[in-house]
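Peer 1: Below is a structure I'd like to ask you about.
The values are calculated or read from the model by the stated rules, or taken from the named source; none is laboratory data. Treat the numbers as computed from the prediction; the structure is a model and nothing was measured. For neighbour counting, all protein chains shown are included, and Cβ atoms are generated from backbone atoms with ideal geometry for every residue, glycine included.
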Amino acid sequence: MDVRLTEDQIALRDSVRGYLAETHPAAILRRLDGAGGRDPAIWQGLHDMGLTTALIPEDHGGLGLGLLEAAVLAIELGRANVSEPIIDTAFVGIPVLLRRGEIGCLPALLGGLLRIALAHDSNPWIADHDVADIVLTESALLGGPADPPLLPAADPLRRLFPPIAESGADPFMLNTAALMAAAQMIGAADAMLAMATDYAKIRSQFGQPIGAFQAVKHLCATAAVKLEFARPVLLRAAVALQEDHPRAPLHVSHAKVAATDAAMLAAETAIQVHGAMGYTYEVDLHYWMKRVWALAGAWGDRAYHLARVDAAVIGGALPLGPDETFSTGADHG
Amino acid sequence: MDSHAPAYRYLKTLESREGFDAHVRWERELAAGNWGMVTWPAAYGGRDLDLIRWLIFEEEYFRAGAPNRANQNGIFLLGPTIMEYGTAAQKSRFLTPMARGETIWAQAWSEPNAGSDMAAIRATAIQDGDVYIINGQKTWSSRAAYADWCFGLFRSDPASTRDHGLSFILLPLDSPGVTVRPIRQLHGETGFAEIFFDNVRVPAENRIAGEGEGWNVAMATAGFERGLMLRSPARFQCTAQRLVELYRAKAGTASPGLSEIVLHAWMDAQAYALNTYSVASTLQAGGKIGAEASMNKIFWSELDRAMHRAAISLLGAAAELRAAPGETDWLDGYIFSLAGPIYAGSNEIQRNIIAERVLGLPR
């Protein structure tokens, strides 16, 4: 038994991380802020990296990757705070289409020409509805939008639009999107913690870097521990969903709660370490923090996911012993 | 486990004389079935199992309700240290009786003025021919009042300071010149002891690794302590399971908010298990764990305390009474959980280590 990522998965992760570090620095976020938030050149770059077609099966011309690899890449997209609708299109929309056997639009998706928006009752809005070629609901693929009104969002790089009546509540869409939201929060938390520690090394007060003070060290260490123990939970959820494990919804909910808690703590820690600088718009930290606020509420908020864990754990359906860690789950639904 | 462990399920605490003796009987019963330390080579009383199989063994061990290990300082800390730094002669001399529960070990590191600041150690071991002459005092040594041997860290170069000039030396606690004075702990039992050394003569062959190399050996031991071995996840998963069962029984009268704490206990115990399987996979593939071990130690110790505090809250006024025989003694567990964030390097020290060695913050 080996629960580590494979060398191929690590190489894939590192290449995407490197590409985004180079092409999608914080300066991009500042440029997009107030300028519509989207840039076809960024989308094209993500397509050229293979991200738009990553989950399309090889016999349909894609890379044939699974939800585990998608979650690993979603961490990187969260780390870089990418705002293009790549996750909704390629990591949620395409798996939903494949599961339904809707392969008619795969050729256009292969060309990176289509953007998918997701409509679900769990969300009171639809992200990137205005640029969507397809709107995916529980039971239909709807066409592009007719000039929907943009809603005011806390995150200046999120583009949100009102819900539509046909959304429905496809559970696979919810679980996949919740998993990807959790993955992005893990990446964002990592990025914010790095910003906090980088700043603590250079900001000097009382004649020394503030990172040399134990109070600052302990804040950062506490956030790092929370994050460290959210990662394996996320990866386990991704594997469970990929394998259609009966406990996948429970594991996804655990991952969403763990990632939310880790990311919120990382955000608050990073702001605190930055002090008054962190309270300004000049420091880029706020883009990641606002993204975490958005993702924490999207695709089932903390209360929703905690209720699912509650129903399984305290509700009594779940065998709880230590020998059940990697249970097949065949014993319950 | 199911045919042997139930008789040992509700022993008196390991910190009492009577409880300790019962736990040692369990050690011997385990050893009789060759289950004393399953990851060790068969030549030393083990079963040559890999770490993943050790985790599975631990899951079955705790699932069956088997008790905590009387020889945990030996098998989980000193054992792996000897495996890494000991000579062939030391391995065959010390490991087999350790796995068989015949020699129970205590750790003699802390001193009255060297707790978190372990490099402030003052007790000396001065070489005189082929023996060391040991003088000084150790303290807060768990179960030293009942143990047979101790592994200590002593200053072998009297001119040295801090982490230089220390040596890692093993000695019997009944050596002439050793005085063990029990210390009463929170729960009223005397599981702690001070150890006084007055010209105690110890053969030089009892030193692990070279003279003056004790600090590095001790850091490796501490790594085992904080990392994988000392607290396998099954223990916490069982506590979480019992906590969920207690919550179900008390849900009608539980204070609002406790359900979330109980759910977090279950989720965090799961997270700890998943992380441990990941660490075990890394180690098996030839990787190392470094300062990340400090994250482990913080996580399990604070989880354990939170779970026991939740249980105490659920019990309400009933928590004031000691548990009847055959019931989970949550108060005793809570008291023990308070030690978790202190022993094996306080969690404040662990946070410093994480900040400096994982996050790269300045010293």
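Peer 1: Out of segment A:204-232, which residues are in contact with a Pro (Cβ under 8 Å, 6 or more places away or on another chain) and either among the small types (Gly, Ala, Ser) or in contact (Cβ under 8 Å) with a residue 24 or more places away in the chain (or both)? Walk me through it before giving the result.
Peer 2: So the first thing to find is which residues in segment A:204-232 are in contact with a Pro (Cβ under 8 Å, 6 or more places away or on another chain), and the list is A:208-209, A:211-212.
Scanning segment A:204-232 gives A:Gly211, A:Ala212.
Peer 1: Report yes if A:Val292 is at negative phi, within 14 Å of another protein chain (Cβ to nearest Cβ), in a helix (DSSP H, G or I) and under 23 Å from the mean Cα position of the chain (by Cα), otherwise no.
Peer 2: On the way: at negative phi: yes; within 14 Å of another protein chain (Cβ to nearest Cβ): no; in a helix (DSSP H, G or I): yes; under 23 Å from the mean Cα position of the chain (by Cα): yes.
The answer is no for A:Val292.
Rundown of residues vs (1) under 21 Å from the mean Cα position of the chain (by Cα); (2) assigned by TED's automatic domain parsing to the domain that holds B:Ser346; (3) among the small types (Gly, Ala, Ser), yes/no style:
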{"position": "B:Arg201", "(1), (2), (3)": "no, no, no"}
{"position": "B:Ala220", "(1), (2), (3)": "yes, no, yes"}
{"position": "B:Pro233", "(1), (2), (3)": "yes, yes, no"}
{"position": "B:Arg248", "(1), (2), (3)": "no, yes, no"}
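Peer 1: Please tell me if A:Ala177 is closer than 19 Å to A:Asp155 by Cα, modelled with pLDDT of 95 or more and more than 14 Å from chain B (Cβ to nearest Cβ). Break it down stepwise before answering.
Peer 2: On the way: closer than 19 Å to A:Asp155 by Cα: yes; modelled with pLDDT of 95 or more: yes; more than 14 Å from chain B (Cβ to nearest Cβ): yes.
The answer is yes for A:Ala177.
Peer 1: May I pose another question? Could you look through segment A:304-333, keep only residues that are more than 23 Å from B:Thr239 (Cα to Cα) and more than 18 Å from the chain's Cα centre (by Cα), and pick out the one that is modelled with the highest pLDDT?
Peer 2: Taking the candidates together, the pick is A:Ala330.
Peer 1: A:Ile271 versus (1) within 24 Å of A:Thr222 (Cα to Cα); (2) crowded, with 24+ Cβ neighbours inside 10 Å; (3) more than 10 Å from chain B (Cβ to nearest Cβ); (4) not polar (S, T, N, Q): which is the lone unmet condition?
Peer 2: (2)
Peer 1: When you scan segment A:41-51, do you find a residue that is free of Cβ contacts under 8 Å to residues at least 12 places away in the same chain, over 20 Å from the mean Cα position of the chain (by Cα), under 18 Å from A:Asp128 (Cβ atoms) and surrounded by fewer than 22 Cβ atoms within 10 Å (Cβ to Cβ), even just one?
Peer 2: Yes, segment A:41-51 contains at least one residue that is free of Cβ contacts under 8 Å to residues at least 12 places away in the same chain, over 20 Å from the mean Cα position of the chain (by Cα), under 18 Å from A:Asp128 (Cβ atoms) and surrounded by fewer than 22 Cβ atoms within 10 Å (Cβ to Cβ).
Peer 1: Filter segment B:333-347 for residues that are of a type outside the set (Val, Ile, Thr) and more than 25 Å from B:Gly257 (Cβ to Cβ); which is surrounded by the most Cβ atoms within 10 Å (Cβ to Cβ)?
Peer 2: First, pick out the residues of segment B:333-347 that are of a type outside the set (Val, Ile, Thr): B:333-334, B:336-341, B:343-347.
The next check asks that each one be more than 25 Å from B:Gly257 (Cβ to Cβ); those that pass are B:339, B:343-346.
Working: B:Ala339: 18, B:Tyr343: 15, B:Ala344: 24, B:Gly345: 20, B:Ser346: 15.
Here the residue is B:Ala344.
Peer 1: State which residue is farthest from the chain's Cα centre (by Cα) when the search covers only segment B:265-293 and only residues that are more than 7 Å from chain A (Cβ to nearest Cβ), of a type in the set (Gly, Ala, Ser) and under 20 Å from A:Thr222 (Cβ atoms).
Peer 2: B:Ala265
Peer 1: Restricting attention to segment B:256-268, report how many residues are surrounded by 22 or more Cβ atoms within 10 Å (Cβ to Cβ) and touching a residue at least 40 places away in the same chain (Cβ under 8 Å).
Peer 2: Of the residues in segment B:256-268, 2 are surrounded by 22 or more Cβ atoms within 10 Å (Cβ to Cβ) and touching a residue at least 40 places away in the same chain (Cβ under 8 Å).
Peer 1: Looking for whichever is within 17 Å of A:Glu166 (Cα to Cα) and either buried (at least 24 other Cβ atoms within 10 Å of the Cβ) or of a type in the set (Ser, Thr, Tyr) (or both) here; the options are A:Ala132, A:Ala146. Which one fits? First the steps, then the outcome.
Peer 2: Working: A:Ala146 fails: either buried (at least 24 other Cβ atoms within 10 Å of the Cβ) or of a type in the set (Ser, Thr, Tyr) (or both).
The unique qualifying residue is A:Ala132.
Peer 1: If I filter segment B:229-241 for residues that are assigned to a loop (DSSP other than H, G, I, E, B), within 11 Å of chain A (Cβ to nearest Cβ) and within 30 Å of B:Gly360 (Cα to Cα), do I get at least one hit? Reasoning before the result, please.
Peer 2: First pass over segment B:229-241, keeping only residues assigned to a loop (DSSP other than H, G, I, E, B): B:229-232.
Subset that is within 11 Å of chain A (Cβ to nearest Cβ): B:232.
Adding the requirement that they be within 30 Å of B:Gly360 (Cα to Cα) leaves B:232.
Within segment B:229-241, one or more residues are assigned to a loop (DSSP other than H, G, I, E, B), within 11 Å of chain A (Cβ to nearest Cβ) and within 30 Å of B:Gly360 (Cα to Cα).
Peer 1: Working only within segment A:236-258, note down all residues that are within 24 Å of A:Ala196 (Cβ to Cβ) and at the interface with chain B (Cβ under 9 Å from one of its Cβ atoms).
Peer 2: Of segment A:236-258, the ones within 24 Å of A:Ala196 (Cβ to Cβ) are A:255-258.
Answer for segment A:236-258, where residues must be within 24 Å of A:Ala196 (Cβ to Cβ) and at the interface with chain B (Cβ under 9 Å from one of its Cβ atoms): A:Val257, A:Ala258.
Peer 1: Restrict the check to segment A:307-318 and report whether at least one residue is in contact with a Pro (Cβ under 7 Å, 6 or more places away or on another chain) and not hydroxyl-bearing (Ser, Thr, Tyr). Walk me through how you get there before you give the answer.
Peer 2: Just the residues of segment A:307-318 that are in contact with a Pro (Cβ under 7 Å, 6 or more places away or on another chain), to begin with: A:308.
From what's left, not hydroxyl-bearing (Ser, Thr, Tyr): A:308.
Yes, segment A:307-318 contains a residue that is in contact with a Pro (Cβ under 7 Å, 6 or more places away or on another chain) and not hydroxyl-bearing (Ser, Thr, Tyr).
Peer 1: Identify all residues within segment B:91-103 that are surrounded by fewer than 24 Cβ atoms within 10 Å (Cβ to Cβ) and in contact with a Lys or Arg (Cβ under 9 Å, 6 or more places away or on another chain); write none if there are none.
Peer 2: The answer is B:Arg100, B:Glu102.
Peer 1: Is it the case that segment A:270-282 has a residue that's more than 26 Å from A:Arg99 (Cβ to Cβ), of a type outside the set (Ser, Thr, Tyr) and not in a helix (DSSP H, G or I)? Explain how you work it out, then say what you get.
Peer 2: Residues of segment A:270-282 that are more than 26 Å from A:Arg99 (Cβ to Cβ), as a first pass: A:270-282.
So of that shortlist, the ones also of a type outside the set (Ser, Thr, Tyr) come out as A:270-278, A:282.
Now narrow it down to the ones that are not in a helix (DSSP H, G or I): A:282.
Yes, the conditions are met somewhere in segment A:270-282.
Let's see how each residue does on (1) closer than 24 Å to B:Ala222 by Cα; (2) of a type in the set (A, V, I, L, M); (3) assigned to a helix (DSSP H, G or I):
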| position | (1), (2), (3) |
| --- | --- |
| B:Ala31 | no, yes, yes |
| B:Met37 | yes, yes, no |
| B:Arg47 | no, no, no |
| B:Trp54 | yes, no, yes |
| B:Leu78 | yes, yes, yes |
| B:Met83 | yes, yes, yes |
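Peer 1: Here is a further query. Any idea how many residues of segment B:310-363 are within 14 Å of chain A (Cβ to nearest Cβ) and hydrophobic (A, V, I, L, M, F, W, C)?
Peer 2: Within segment B:310-363, residues that are within 14 Å of chain A (Cβ to nearest Cβ) and hydrophobic (A, V, I, L, M, F, W, C) number 9.
Peer 1: Here is a further query. More than 19 Å from B:Gly19 (Cβ to Cβ), within 14 Å of another protein chain (Cβ to nearest Cβ) and either without any contact (Cβ under 8 Å) to a residue 40 or more places away in the chain or of a type in the set (Phe, Trp, Tyr) (or both) - does that describe any residue in segment B:60-74?
Peer 2: Checked segment B:60-74: no residue is more than 19 Å from B:Gly19 (Cβ to Cβ), within 14 Å of another protein chain (Cβ to nearest Cβ) and either without any contact (Cβ under 8 Å) to a residue 40 or more places away in the chain or of a type in the set (Phe, Trp, Tyr) (or both).
Peer 1: Can you tell which of A:Leu136, A:Leu113, A:Leu174, A:Leu118 is in contact (Cβ under 8 Å) with a residue 12 or more places away in the chain and within 21 Å of A:Lys290 (Cα to Cα)?
Peer 2: On the way: A:Leu136 fails: within 21 Å of A:Lys290 (Cα to Cα); A:Leu113 fails: within 21 Å of A:Lys290 (Cα to Cα); A:Leu174 fails: within 21 Å of A:Lys290 (Cα to Cα).
Only one candidate passes the filter, namely A:Leu118.
Peer 1: Hey, among B:Thr276, B:Thr253, B:Thr221, which residue is touching a residue at least 60 places away in the same chain (Cβ under 8 Å), of a type outside the set (Lys, Arg) and surrounded by fewer than 17 Cβ atoms within 10 Å (Cβ to Cβ)? Working first, answer last.
Peer 2: Details: B:Thr276 fails: surrounded by fewer than 17 Cβ atoms within 10 Å (Cβ to Cβ); B:Thr221 fails: surrounded by fewer than 17 Cβ atoms within 10 Å (Cβ to Cβ).
After ruling out the rest, the residue left standing is B:Thr253.
Peer 1: Residue pairs, Cβ under 6 Å, 6 or more apart or interchain, first in segment B:179-198 and buried (at least 17 other Cβ atoms within 10 Å of the Cβ), second of a type in the set (Asp, Glu). List them.
Peer 2: Listed pairs, sorted by first residue: B:Glu189/B:Glu15; B:Gly191/B:Glu15.
Peer 1: Given the structure, is A:Arg100 of a type in the set (D, E, K, R) and without any contact (Cβ under 8 Å) to a residue 24 or more places away in the chain?
Peer 2: Criteria met by A:Arg100.
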